[in-house]
Amino acid sequence: MRISKTLRLAALGVVGAMALAACSSSGGAQENTSNDDGTAAAPAAGGKSYTIAMVTHEQAGDSFWDKIRAGAEASAKAHGIDLKYSNDPDGAKQATLIQNAVDSKVDGIATTMATPDSVGPAAQAAIAAGIPVVAFNSGISDYSKYGVTMYFGSDEDLAGQTVGEKIKAEGGTKTLCVIQAQGSVALDARCNGVTKTAGNTEVLYVNGEDLTSVQSTLQAKLQQDTAISDIVTLGAPIAMTALQAKADAGSQAKIITFDLNADAAQAIQDGKIEFSVDQQPYVQGYMAVTALWLNLSNGNDIGGGKPVLTGPSIVDSSNIGPIVQYAKNNTR
Amino acid sequence: MSTTVATKNPSPAPSAAQRPRRSLLGQVLARPELGAAAAAIVIALFFLASAPAFRSLAAVSTVLYASSTIGIVAVGVALLMIGGEFDLSSGVAVTTSALTAAITSYQLSLNVWVGVLVSLVVALAIGFVNGWLVMRTGIPSFLVTLSTFFVLQGVNLGVTKLLTGTVATANISDMDGFASARAVFAGTLSLGPLNLKITVLWWAVFTVVATWVLLRTRVGNWIFAVGGNQASARAVGVPVRKVKIGLFMGVAFLAWFLGMHLLFAFSTVQSGVGVGNEFVYIIAAVVGGALLTGGYGSAVGSAIGAIIFGMTTQGIVYAGWDPNWFKTFLGVMLLLAVLVNLYIKNVAARRV
């Protein structure tokens with residue numbers, strides 16, 4: 001039993017260290033207590049309380065999806081909705097989750113359609129069963145095929161083109177578009193959009209699950225091709241890693257990103273990231289749930305059969321000001 | 001199997017003297033990492049020839065960095081595999097360690113070094129529980145650590161969301177102790193024109209220590225013995241339980257170390273990352289000559305396996321090949337590495 005003794009010693013050591021360690025005089029949660037979320041429970045409007053299922057292709061533990069959920073939950077709270085959230089990155093399993101929601105007789109379903117072929121038929125079946133379905137975040141070109149009437153999200157191709165145009169206008173000569181999940185239709189569409197308007201663009205695939213490998217792959221690419229003038233990343237954590245890879249490789253390339261998080265917002269303010277194309281995930285989650293609530297309680301149909309675009313919203317040094325705090329609050 | 005395994009290990013055991021003498025060449029050829037080393041040289045030459053950017057010093061440091069982030073944990077995984085066990089939880093344990101350190105120090109506004117120590121205790125506890133469960137229940141480690149893998153994945157997400165309100169930790173780069181911790185875990189050494197990441201140095205240290213333990217200490221003999229044949233090892237008085245639990249804790253320690261690198265290199269951690277890396281570590285150990293069945297392998301081999309993996313992933317980028325085929329190139333290169341490895345081993349077996 002020497003091991004347990006060693007463990008006990010180690011535990012003692014830690015307790016001692018904790019006692020000895022001076023409290024951090026800068027940073028930490030104790031300094032940041034002011035921005036508690038002040039969302040008071042709003043009274044449910046109308047008599048009936050609805051149950052709404054949100055089914056996404058979220059890869060668990062990604063801060064982007066957390067914002068979608070935060071928006072959805074804020075809307076549910078505001079309208080007295082019982083929100084059932086579920087997710088699976090595998091299209092077939094996501095379809096099963098939608099079927100589960102139908103089986104449990106929810107009042108409405110909000111779903112992403114990253115893999116329209118597998119999710120679409122399930123959404124169609126839900127509509128046939130009399131449950132209204134809205135699509136959000138992905139599936140802009142396919143949602144109407146399956147009888148879904150409302151869509152909230154960004155047009156990925158359009159967003160990509162906007163980025164490409166800005167790069168061209170700033171005199172960019174060679175663009176590197178970094179895809180962190182190989183095989184994602186939405187991410188491919190963004191880079192295709194960039195290529196359309198920026199011209200000379202190369203795609204680089206990295207493993208978004210492992211930031212150290214993202215860093216070394218990016219660094220290798222920047223060392224191999226010194227002509228790269230602009231790097232487009234498709235997620236905020238990847239942008240932060242690209243900043244480091246750029247510094248380590250001694251590259252002068254400008255960094256442009258999609259999406260925001262607290263650090264990326266700060267980097268835009270500091271001028272390290274040129275600008276971000278924000279598709280406003282908080283709004284996507286919020287609108288999807290709110291649209292269902294309006295449809296159920298008031299018969300509304302938002303968008304008039306056309307997709308409702310939540311982006312691209314360009315965030316750069318000129319308008320970043322208040323957004324830094326919103327990003328810290330997990331709503332931007 | 002155990003008898004052949006035992007004779008392959010050049011160990012300072014007393015029985016070594018009674019073995020038939022081998023030629024020096026035979027001894028060299030019988031080393032488990034030799035095949036991998038040959039494969040590494042072939043791959044290096046291949047990329048040196050086909051990717052001009054691969055020839056620079058900057059490329060060397062990038063490749064070594066990429067390899068070190070695999071190799072650090074792979075050292076522990078190789079030792080564990082020599083001891084006859086698997087750990088599928090190592091990839092997620094890296095993230096658990098980083099999250100623990102970040103959340104502890106941020107939420108309590110403590111010096112980050114406190115978080116570092118707390119997460120070390122947590123990591124060692126995970127390793128201990130893995131080992132203890134395997135020894136206590138007799139369930140194969142594959143299943144025990146698969147369970148740990150899922151448990152940790154859930155804990156990573158659940159606890160992070162519960163304590164921070166989001167699924168990522170706050171940026172801790174403005175907290176006390178961050179600069180010194182970054183220097184230790186994620187610093188850069190400037191050696192003339194070569195900017196070497198400090199993880200490369202740590203990786204070398206861990207590999208040397210593990211090699212010394214394996215080849216020059218009694219514990220090393222025990223590790224080979226429990227991996228070769230657990231029952232007979234126990235019969236001759238090897239403390240099987242302690243050795244195996246210790247090996248699991250060794251993997252946990254190295255996972256913790258890489259977790260600290262992750263945290264101090266990037267200042268924040270997303271709770272969903274790390275999944276899948278456990279296989280990369282196992283691949284490095286296997287490419288480096290460790291047997292999937294235990295009892296045979298080396299720490300240096302795992303380092304060479306990590307270099308092969310690092311060179312291949314970075315080399316493809318340096319060569320500027322079509323990224324759609326990235327994984328295919330990787331697969332073919334790894335298969336070639338293992339084939340060269342096997343070929344050399346067969347040649348060696350015939351020479352001896």
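The values are calculated or read from the model by the stated rules, or taken from the named source; none is laboratory data. Nothing here was measured: the structure is a model prediction, and the numbers come from that model. Note that we place each Cβ from the backbone using ideal geometry, even for glycine, and neighbour counts take in every protein chain shown. These area figures cover heavy atoms from the full protein model, side chains too; ligands, DNA and RNA do not enter into them. Shrake-Rupley method; radii C 1.70, N 1.55, O 1.52, S 1.80 Å.
So the values come out like this:
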read-out	value
Distance from the range B:181-251 to the range A:178-257 (C-alpha centre basis), Å	35 Å
The protein assembly as shown - convex hull of alpha carbons, volume per residue in Å³	172 Å³
Peptide A:204-211, shielding by other chains (average Cβ, 10 Å cutoff)	6
Virtual spin-label span in nm between B:L163 and B:L48, 7 Å along Cα→Cβ	4.8 nm
Principal axis dimensions, the range A:226-332 - Cα atoms, whole angstrom, descending	58, 28, 22
Surface share of carbon and sulfur [accessible, 1.4 angstrom probe, percent] for the range B:153-210	72 percent
Relative contact order (percent, whole number), chain B, Cα cutoff 8 Å, 6+ residue spacing	37 percent
Shielding by partners, peptide B:161-171 (average Cβ within 10 angstrom, other chains)	5
Packing rank of B:205-212, A:212-219, where each peptide gets the mean count of other beta carbons within 10 Å, highest leading	A:212-219, B:205-212
Cα-derived Rg to Rh of chain A, Kirkwood definition	1.04
Convex hull (Cα only) mean projected area of the range B:32-351, reported in nm² to one decimal	17.7 nm²
Solvent-accessible area buried by A and B, counting both chains, probe 1.4 angstrom, square angstrom	4200 Å²
Of A:K77/B:K161; A:K272/A:K306; A:K221/A:K328; A:K174/A:K306; A:K105/B:K161, pairs whose Cα-Cα distance is over 27 Å	A:K272/A:K306; A:K221/A:K328; A:K174/A:K306; A:K105/B:K161
Convex hull volume per residue in cubic angstrom - Cα atoms of the range B:285-352	90 Å³
Percent of alpha-carbon pairs separated by more than 23 Å within the range A:156-278	19 percent
Partner chain coverage, peptide B:100-110 - average Cβ within 10 angstrom	4
Length-normalised contact order of the range A:156-278 in % [C-alpha pairs under 8 Å, at least 6 apart]	24 percent
Length-normalised contact order of chain A in % [C-alpha pairs under 8 Å, at least 6 apart]	18 percent
MRE, 222 nm, helices only [DSSP H, n ≥ 4, -39500 (n - 2.57), over chain B, to nearest 500]	-24000 deg cm²/dmol
Rg in Å to one decimal, and Dmax rounded to a whole Å, for the range A:116-209 via C-alpha atoms	16.4, 54
The range A:228-332: antiparallel DSSP beta bridges as a percent of all, rounded to 5	35 percent
